[in-house]
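Any read-out appearing in this document is the output of simple, stated calculations on the displayed coordinates, not a laboratory observation. The model shown is predicted, which means the values in this text are computed figures rather than measured ones. We place every Cβ from the backbone using ideal geometry, glycine too, and count neighbours over all the protein chains shown.
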Amino acid sequence: MNTSSDQLARRQRFDRLVAVYYPDMYRYGAWLSRDRSIAEDVVQEALLRAWKSLDALRDDAAAKHWLLTIVRRENARYFERKRLDMVDVDDLSPAQEALIAETEDEQLNEVREAIYRLEDDYREPLVLQVLMGYSTTEIAELMGLKQGAVLTRLHRARHKLKEVVEDDAAVAAGK
């Protein structure tokens, strides 16, 4: 039976972990889902699952890996059960139209789009390494792969990304 002091300690542990890793969870969720609002939903569901299974986390040093694994699984669950709504651009509200008209960093958008066009098998390890700072060993553990497979995927991801960017540049130059 849990006492109120046990519950308080559990809550403090959870709050501490979330305070440290929430930005990584959200950033990872946004890259996986390609949509910030979906990422928010995915991360909220991941936090709920993490809270329910907090006692399964034996070592707080493994919390980042554990939480990102939960985010990855929740993202997959989200897209298994969710049919995304289509929006007619002619029916946008003034606020939505303003968001579309907003000017953005063109080069950053080009790189983002190029990364989004990569197949999941290549995009995910690349994002984990470049954006999240994971080592190839950590990526292998997170994705359930051997380290050699991760290295191969990273090499191919960079090669494919370079091809996409070069092709886009050639199209833009009118070749």
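Rounded, prolate or oblate: which one fits segment 1-83, using the alpha carbon gyration tensor with axes a ≥ b ≥ c (rounded when a/c is under 1.5, else prolate when a/b beats b/c, else oblate)?
Values: a/c = 2.39, a/b = 1.95, b/c = 1.23.
It comes out prolate by the Cα gyration axes.
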Original post:
In nm, to one decimal, how far is the residue 10 label point from the residue 169 one, both placed 7 Å along Cα→Cβ?
Top reply: 5.5 nm
Subject >> Shape category assigned to segment 96-175 from the gyration tensor of Cα positions, a/c cut at 1.5 >> reply: oblate
**OP:** Find the Rg to Rh ratio for segment 112-158, where Rh is the Kirkwood radius over alpha-carbon pairs and Rg uses the same atoms.
**Re:** 0.94
